[in-house]
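Please read the structure below before turning to the comments.
No value in this document is a laboratory result; all are computed from the given coordinates. If you're wondering where the values come from, they're calculated on a predicted model, not measured in any experiment. Neighbour counts run over all protein chains shown; Cβ positions are idealised from the backbone, glycine included.
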Amino acid sequence: MPARPASRGRDIHEMRSEDMDGARDNLARFLCEWLVGSKPYQKKYGPISIPGIHQHLDIGVSERFAWLKCLCLALEEQPYSNDFRDCLVQQLAIPAERIRMVCQSAIQKMIKRTRKTGSGASRTG
Ligand code: HEM
């Protein structure tokens, strides 16, 4: 997405890997699939789990908000009706929230594992 709105969290553009063209192509393929029902993403990569491909990232409320704000700004640049824009944002807010939940749950699990093994214990003295 082209826009970089300010967010309270980290800049979500910094979370991505180096290959921005590849990520753009993958997101475009996925959104075509999601909107139209053809399978350009699956043809290239096979089945996809949207929460699964994000679970290595630390996505919380502010990152989800920043992503949705980028989406709104990108949609403003397109000649779509307001109804269609609103519908897209509302529908994509659902997987965005699911991603947030999965990422936060992965982080909680990691914290618990670290506590059990003691490898994350703070040093004393
Ligand atoms: C909740 C807010 C979200 C954030 C902060 C976020 C962030 C990211 C980042 C940083 C990447 C690149 C990962 C990398 O380069 O390793 C990515 C990839 C991607 N995201 Fe998201 N994302 C969000 C929501 C969504 C939603 C709602 C969808 C679709 C419903 C989506 C679909 C994708 C796809 C298809 C890719 C490309 C995966 C690939 O390279 O094969 N994302 N996302």
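The packing ranking, built from the mean of other Cβ atoms within 10 Å per residue, places the peptides 90-101, 75-86 in the order 90-101, 75-86, highest first.
The alpha-carbon of LYS44 sits under 13 angstrom from the alpha-carbons of these aspartates and glutamates, leaving out residues fewer than 8 places away in its chain: ASP25, GLU33. Work out the charge dipole of the chain with +1 on the Cβ of Lys and Arg and -1 on the Cβ of Asp and Glu about the Cα centre, then indicate which of ALA23, ILE48, LEU35 is farthest towards its positive end. The listed residue farthest towards the positive side: ILE48. Mind running the shape call on region 1-103? Use the C-alpha gyration tensor, a ≥ b ≥ c as the square roots of the eigenvalues: rounded below 1.5 for a/c, prolate if a/b tops b/c, oblate otherwise. Rounded is the answer for region 1-103, as its axis ratio a/c remains below 1.5. Between GLU97 and TYR45, the contour length at 0.36 nm per residue exceeds the Cα-Cα span by 16.3 nm. Placing +1 on the Cβ of every Lys and Arg and -1 on the Cβ of every Asp and Glu, with no other charges, gives the chain a dipole of roughly 880 debye about its Cα centre. Considering the zone a paramagnetic label at MET110 would reach in this model (a point 7 Å from Cα along the Cα-to-Cβ line), which residues of region 30-52 have amide N under 18 Å from it? The answer is 51-52, whose backbone nitrogens lie closer than 18 Å to the label point.
Straight-distance candidates among the aspartates and glutamates for linking to LYS109, with alpha-carbon spacing under 16 Å and chain neighbours fewer than 8 residues away dropped: ASP58.
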